[in-house]
1. Which one of L51, L42, L37, L102 is modelled with pLDDT of 95 or more, aliphatic (A, V, I, L, M), assigned to a helix (DSSP H, G or I) and more than 22 Å from the chain's Cα centre (by Cα)?
2. Kindly establish whether V317 is surrounded by fewer than 18 Cβ atoms within 10 Å (Cβ to Cβ) and within 18 Å of the chain's Cα centre (by Cα).
3. Within the stretch 163-215, restricting attention to residues that are touching a Ser or Thr at 6+ places or on another chain (Cβ under 7 Å) and among the hydroxyl-bearing types (S, T, Y), which residue is farthest from V125 (Cα to Cα)?
4. When the residues of the stretch 174-208 are filtered to those that are assigned to a loop (DSSP other than H, G, I, E, B) and not charged (D, E, K, R), which remaining residue is modelled with the lowest pLDDT?
5. I'm trying to understand the selection: among the residues of the stretch 127-144, which are closer than 26 Å to L190 by Cα, over 17 Å from the mean Cα position of the chain (by Cα) and not polar (S, T, N, Q)?
6. For a quick check of your reading of the model, give me the residue pairs whose first member lies in the stretch 117-145 and is over 28 Å from I105 (Cα atoms), whose second is of a type outside the set (G, A, S) and loosely packed, with under 14 Cβ neighbours inside 10 Å, with beta-carbon atoms closer than 7 Å and at least 6 apart or on different chains.
7. With respect to the numbered conditions (1) in contact with a Phe, Trp or Tyr (Cβ under 8 Å, 6 or more places away or on another chain); (2) more than 17 Å from A211 (Cβ to Cβ), which one is the sole condition not fulfilled by L173?
Amino acid sequence: MTHSLPFPWLSTALTRWLAFGFAWLLLGMFLLPTSKLYQQGLILFFWLPGLLAVFTIPVVRRSWDRLLLLILALSVLWAGLSISWGGEVGKLKEMFYVCLALNAIVALAGLNPRLFWQVLLGSAVLGAVLAWWSLFYFYAWQGQPLDMRIVATGLLNHTILASHVMGVMGLALLFMRGWLPRRYQGLVWLLACLGYLSFLLMSRSKGPALALLVCLVLSGLWSGSRKAWLIGGFAIFAACLGAWLLPEQLLRGGLSYRPQLLEQAWGLWLANPWLGLGVGAEYQLLVAELGRNFDHTHNLYVHMALQLGVVGVFFWVALQGAVVWRAWSMRASVPGQTLCAICCFSAVALLTDGIGPWVKPREEWFTVWLPVFLAFALFIPRQSRLEPDRHDALDTG
């Protein structure tokens, strides 16, 4: 759907431009060799047309969820203020990046809500192909042993964070099955989902695997279908079977010194619990068993507590609560169920990794910012009642 303007072609051109930019955001990290090229593409293909749309097309300005925007603005304002008592001035640039990306998201969703979600689904399908390619390239082409933790292609060169990306994209594909052409809802869809699952298993990352398990187990809450509960039960069975047959794999690395990091972070937080150290402020956590320091807690929420204090965490929790409520209120739709799943996965995955929301576009954006972006996008079909698929995502076919 497009909207009339003195120059009708402008709305169509900006919609297509933004759709390509959204795909660049979702898939660029799979393909591009440098983060500089990825970010330059975002500027040209996503942020720029988003700015043009908000200044030239009235419907884009009316597409903002004002409640979510207010809570986000409070979170951004507090993070910005924290720079005055010890943060990093350069973080203002990262905040600006998030605002530009959000504006582009709202612009695309406002111009064509259905196309927005179709781009997400199409990117998830292509991402599955790239997940399979990563497996082939790493183990067959490069000849790496099967007990080596996989590294994906492009910029996804961090095993755990790449698993976060694969988990989010895989859940989008899983829950948006009903929007695929019927001939692709069977074997093609199953193979695509298996590509993401295989990557997660070969990454041997316990945090993302636990996040996926929790998400599948709880999916019946927002899906409400018998099939969702069966999938959750099968996930529990598979996890228990894996723990019985391969305990050494599941226990490999133990808890990765997370309790020691949390203990060190607790003492540091007590020194300044309300205001925090300031966004971007550096700190060191000593793990005596390793004889080395870590510069973050490997837990997004604790990291935010250290840098932004109780007040900053309150604003962030309020924002996440609003996102979850938006997803839950739209759970009768395929996009709503998809956002519920991504929120669940992200909340658990970020318990064991993540360096905070205020970073340049990179892997963390898929678990930290994509749920927020999708919540803003859900506001448009809620307002216009444009949601055509009210059947359950997992019961199609």
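The values are calculated or read from the model by the stated rules, or taken from the named source; none is laboratory data. Predicted model, so just to flag it, every value in this text is computed and none were measured. Methodologically, a virtual Cβ is constructed for each residue, glycine included, from the backbone with ideal geometry; neighbour enumeration extends over all protein chains shown.
1. Numbers: L42 fails: more than 22 Å from the chain's Cα centre (by Cα); L37 fails: more than 22 Å from the chain's Cα centre (by Cα); L102 fails: more than 22 Å from the chain's Cα centre (by Cα).
The conditions single out L51.
2. The answer is yes for V317.
3. For the stretch 163-215, the residue satisfying everything is S205.
4. Keep residues of the stretch 174-208 that are assigned to a loop (DSSP other than H, G, I, E, B), which gives 176, 180-181, 185-186, 204-205.
Still in the running and not charged (D, E, K, R): 176, 180-181, 185-186, 205.
On the way: M176: 96, L180: 95, P181: 94, Q185: 94, G186: 93, S205: 89.
That would be S205.
5. Matches in the stretch 127-144: V129, L130, W132, W133, L135, F136, Y137, F138, Y139, A140, W141.
6. Y139/L146
7. (2)
For (1) of a type in the set (A, V, I, L, M); (2) at pLDDT below 90; (3) in contact with a His (Cβ under 9 Å, 6 or more places away or on another chain); (4) outside any helix (DSSP H, G or I), each residue gets a yes or a no:
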position: L210; (1), (2), (3), (4): yes, no, no, no
position: G233; (1), (2), (3), (4): no, no, no, no
position: L241; (1), (2), (3), (4): yes, yes, no, no
position: G254; (1), (2), (3), (4): no, yes, no, yes
